[in-house]
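Asker: I have a structure here, written as structure tokens, and I will follow up with some questions on it.
Derivation of every value follows stated rules applied to the coordinates shown; laboratory data play no part. Just so we're clear, the structure is a prediction, and the values are computed from it rather than from any experiment. Heads up, the Cβs are rebuilt from the backbone with ideal geometry, glycines too, and the neighbour counts pull from every protein chain shown.
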Amino acid sequence: MSAGIAHEINNPVGFIKSNLNMLGKYCDRALLLADELERVKSGVPEGEMVEHINQLQKTCKYTNLRKNVDDVISESMDGIERVQRIVSDLKMFSRPQEDRFQVADINRCILSSVNIAKSQIPEGVQVHYELGELPELEMVESQISQVIVNLVVNSAQAISSDGNIYLRSFIDSNDIIIEVEDDGCGIEDAVKERIFDPFFTTKDVGEGTGLGLSLSYGIIEQHQGRIRVDSEVGKGTCFRIALPFKDSEQDKDDDYSCL
């Protein structure tokens with residue numbers, strides 16, 4: 001994932017550098033044009049001025065200069081903002097894994113987590129958001145973000161080429177629900193029974209440690225929540241997280257099917 005995030009940062013940095021090189025050339029031409037216009041004002045006979053300026057604009061590619069300079073600046077600013085978002089999300093994600101709970105916004109956590117996982121999502125996979133209005137929740141935000149990143153990456157890896165990942169948030173009784181659903185290959189029943197076991201993985205050697213879902217399960221338990229999975233081979237998988245946001249005597253063994 002580190003390599004993927006580095007790639008995500010390197011992309012905007014690369015086109016910002018290219019744009020700045022181009023902007024430098026545009027500035028040279030603009031300054032040349034300005035200097036020449038000053039010289040024209042004082043040294044060219046009035047009858048020849050229009051023709052001289054037309055030739056000067058052609059030499060400095062004035063039409064292209066006017067057309068492109070705003071695009072170069074706008075694209076570079078967009079790249080800077082992308083880098084800022086990635087760095088901001090990484091700062092939240094990489095905080096020391098302390099046990100200090102703080103009030104945080106679940107929806108913001110979902111959005112920043114997907115931004116971190118973005119490098120692991122193939123181009124043909126579309127991410128859809130259905131985020132409801134939620135109360136703030138007392139949680140260790142970096143830990144919940146780690147869970148969401150794990151689930152989103154798993155969903156992306158379950159989709160062979162084109163597909164969809166759906167992220168939902170809503171309130172169900174006294175729980176905040178987070179769903180991560182995909183229309184990928186699905187999970188066989190025999191595998192589904194073991195996916196939260198430490199070191200269990202169906203990936204090839206060197207591609208996974210089998211700890212992502214196990215750690216996620218532990219984190220959700222530490223938050224007094226529950227995580228469930230529903231899956232059908234060939235149709236997709238839905239992970240549902242339930243996090244209580246206030247004390248409740250409600251039975252916590254409700255059916256959490258979301259497919």
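Asker: Just report the Cα centroid separation between region 120-134 and region 159-193, whole Å.
Answerer: One Cα centre to the other: 11 Å.
Asker: Okay, moving on. In nm, give the distance between the simple-model label positions of residue 75 and residue 131, each being 7 Å from the Cα along the Cα-to-Cβ direction.
Answerer: 2.9 nm
Asker: Further question: Return the distance in nm (one decimal) between the two label points of a simple spin-label model at residue 222 and residue 59, each offset 7 Å from Cα along Cα→Cβ.
Answerer: For residue 222 paired with residue 59, the spin-label model returns 6.9 nm.
Asker: Still on this structure, please answer the following. What length, rounded to one decimal in nm, is gained on full extension from residue 101 through to residue 83, with 0.36 nm per residue of separation minus their alpha-carbon distance?
Answerer: 3.7 nm
Asker: At 7 Å along the Cα-to-beta-carbon direction for both residue 22 and residue 192, put a label point, then send me their distance in nm to one decimal.
Answerer: Simple spin-label model gives 5.0 nm for this pair.
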